[in-house]
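Shown next, in structure tokens, is the structure this report addresses.
The values are calculated or read from the model by the stated rules, or taken from the named source; none is laboratory data. Keep in mind that this is a model prediction, so the values were computed, not measured. Because the Cβ atoms are built from the backbone with ideal geometry, glycine has one as well, and the counts that use them run over all protein chains shown.
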Amino acid sequence: MCQARTRASRYAIPLALAAPILVLTGCTTESKGNPAPVPSGASSSPQATTATGDNVFGDLKACDLLEPIASAQGFEAPAPETYESDNGCGATKPRYGTVATYLVPNQGVAAMNPDGGQLAPTKIGDRDAVEISGSGGKGVCTIGISVSDNARATVTLGLSNGGTNEQSCTDAKAIAEQIAPKLPRAN
């Protein structure tokens, strides 16, 4: 027990000394722009608003959408990610690959970049969507699901061990079809 306390106190002192520095460097009294009240229920995160200032996803979290699907398919527990937006989630399945879902409130499917892959319009349920086969290399597929002109959800699936683009798109589309009905309707 004493040994554990010694290790903990070894880190506590440097952290206690660093805390005031972190607090001082993380704050400023200068504020740019005009003060305005934030509507109730709105987020102050710049990533969480569309071009019109509305958060089409509200409190919906990407991990809440991905977790039941990933668990049912044998993926490890999903974890939050922030590559494509502040509201992303990814999971890994050993000897299979990875899957990630993002809710992107400030860009629609028209803004998606094929990143070396082949972009093709498609439908997920009754929603407009795009499929990007090979978006991050061989065995990778991204499906963008339209929520509004300025918002989308994406599912990216990457297969390991020599998986094909066709298989990754088939699997990504199956996941996207489970997520699409849970997405909000905008416009």
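Residues that are under 19 Å from Pro78 (Cβ atoms) and touching a Cys at 6+ places or on another chain (Cβ under 7 Å) within region 122-155 comprise just one, Cys141. Scanning region 74-91 for residues that are assigned to a loop (DSSP other than H, G, I, E, B), under 20 Å from Asp64 (Cβ atoms) and aromatic (Phe, Trp, Tyr) turns up at least one hit.
Pick out the one residue from Ala19, Ala36 that is at pLDDT below 95 and in a helix (DSSP H, G or I).
Working: Ala36 fails: in a helix (DSSP H, G or I).
That would be Ala19, the only listed residue that is at pLDDT below 95 and in a helix (DSSP H, G or I).
For region 107-125, the criterion of being part of a strand (DSSP E or B), of a type in the set (Lys, Arg), within 24 Å of Ala186 (Cα to Cα) and touching a residue at least 40 places away in the same chain (Cβ under 8 Å) is met by no residue.
Give me the residue from region 88-106 that is more than 16 Å from the chain's Cα centre (by Cα) and free of Cβ contacts under 8 Å to residues at least 40 places away in the same chain and, out of that set, farthest from Ile179 (Cα to Cα). The residue in question is Pro94.
In this entry, Pro46 passes the filter for residues that are modelled with pLDDT under 50 and within 16 Å of the chain's Cα centre (by Cα).
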